[in-house]
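Novice: Sharing a structure, written as structure tokens. Questions coming.
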Amino acid sequence: MRRTPAGFQNIRYRSPEPARRSIWSHFTVSKGRRQIYRRRNEEFRRLEIVASQTALLLAKCNKDDAESHLLGDPLTALPNGFQLYLMFDQVVMDASRYEYPVALLSIQFEEIRTIRQKWGPMSGDEAVRAAARYLTKELRETDVLVRYASDEFVAISPKMSLEAAENLKSRLQDDLDHFRFAVRALTEIPLHVSVGIAIFPEDGQDLDGLLSVAEWRMRQDKDLRTAVKRRLKSAPSAN
């Protein structure tokens, strides 16, 4: 029979497994709490953005103007330029967290101003509605479409690369080059578009910077398309 050495009779072996479990459970709980705190901080940040933008709007506008800005664009029922800032901050927070690109497209309809001047504001408003309906149909459900100016729209497209944005631009321009808007019963005109693209985060980290890049590229696209049209008109006919 094996004897236990003197002085060791009352010592029992204890497995370190319970201690390991305790440490691991504490680590897991701490990690979970950090994730909860991080999400809460992001939510508070979004609330701060909404509050600061709303306060800025109320400081600049009277009550009626502020309410109209908060309700969106009355002509197209789309979000307006003020709401664009709120939506962009939310989209970029998610994009930064999960590390995916966001495409911003500046889309200007070239003939809307001419329609207003030549056929009146009612025809111009109907052209804006037609443009909004077309873009809403062509964009994805996850995209954000905003009426940014009288003849300009801005689209925010999460998880869209530069290549995908260029393909979308080509498709929109090809379709609208063949689209005809009925100004009068027997009068139809095209609704050509110029499009500029900016990608978050490569082209900028904030909305103002991305808008500047997209609008500059949109003007370049407009100049290029105008030059091509003039060249085609001045080219001698095949006959």
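The values are calculated or read from the model by the stated rules, or taken from the named source; none is laboratory data. The structure displayed is predicted, hence computed values, not measured ones. In this analysis, Cβ positions are derived from the backbone assuming ideal geometry, glycine residues included, and neighbour counts consider all displayed protein chains.
Novice: Only residues that are surrounded by 14 or more Cβ atoms within 10 Å (Cβ to Cβ) and outside any loop (DSSP other than H, G, I, E, B): list them for region 150-163, please.
Specialist: GLU152, PHE153, VAL154, ALA155, ILE156, SER157, PRO158, LEU162
Novice: If you don't mind, there's one more thing I want to ask. Does ARG97 fit the bill of being modelled with pLDDT of 60 or more and farther than 25 Å from LEU172 by Cα?
Specialist: On the way: modelled with pLDDT of 60 or more: yes; farther than 25 Å from LEU172 by Cα: yes.
Against the criterion (modelled with pLDDT of 60 or more and farther than 25 Å from LEU172 by Cα), ARG97 qualifies.
Novice: Let me ask something else. Condition first: more than 24 Å from GLN173 (Cα to Cα) and modelled with pLDDT of 60 or more. Can you find one or more residues in region 110-117 that meet it? Working first, answer last.
Specialist: So in region 110-117, the residues more than 24 Å from GLN173 (Cα to Cα) come out as none.
Looking through region 110-117, none of the residues is more than 24 Å from GLN173 (Cα to Cα) and modelled with pLDDT of 60 or more.
Novice: For region 173-220, what are the residues that are part of a strand (DSSP E or B), at pLDDT 90 or above and of a type in the set (S, T, N, Q)?
Specialist: SER194, the sole residue that qualifies.
Novice: Go through region 133-147 and give me each residue that's part of a helix (DSSP H, G or I), more than 12 Å from SER157 (Cβ to Cβ) and either of a type outside the set (Lys, Arg) or in contact with a Ser or Thr (Cβ under 8 Å, 6 or more places away or on another chain) (or both).
Specialist: Scanning region 133-147 gives TYR134, THR136.
Novice: Does region 175-187 contain at least one residue that is touching a His at 6+ places or on another chain (Cβ under 8 Å) and surrounded by 18 or more Cβ atoms within 10 Å (Cβ to Cβ)?
Specialist: Yes - at least one qualifying residue is present in region 175-187.
Novice: When the residues of region 90-119 are filtered to those that are among the acidic types (Asp, Glu) and within 22 Å of LEU135 (Cα to Cα), which remaining residue is surrounded by the most Cβ atoms within 10 Å (Cβ to Cβ)?
Specialist: Result: GLU111.
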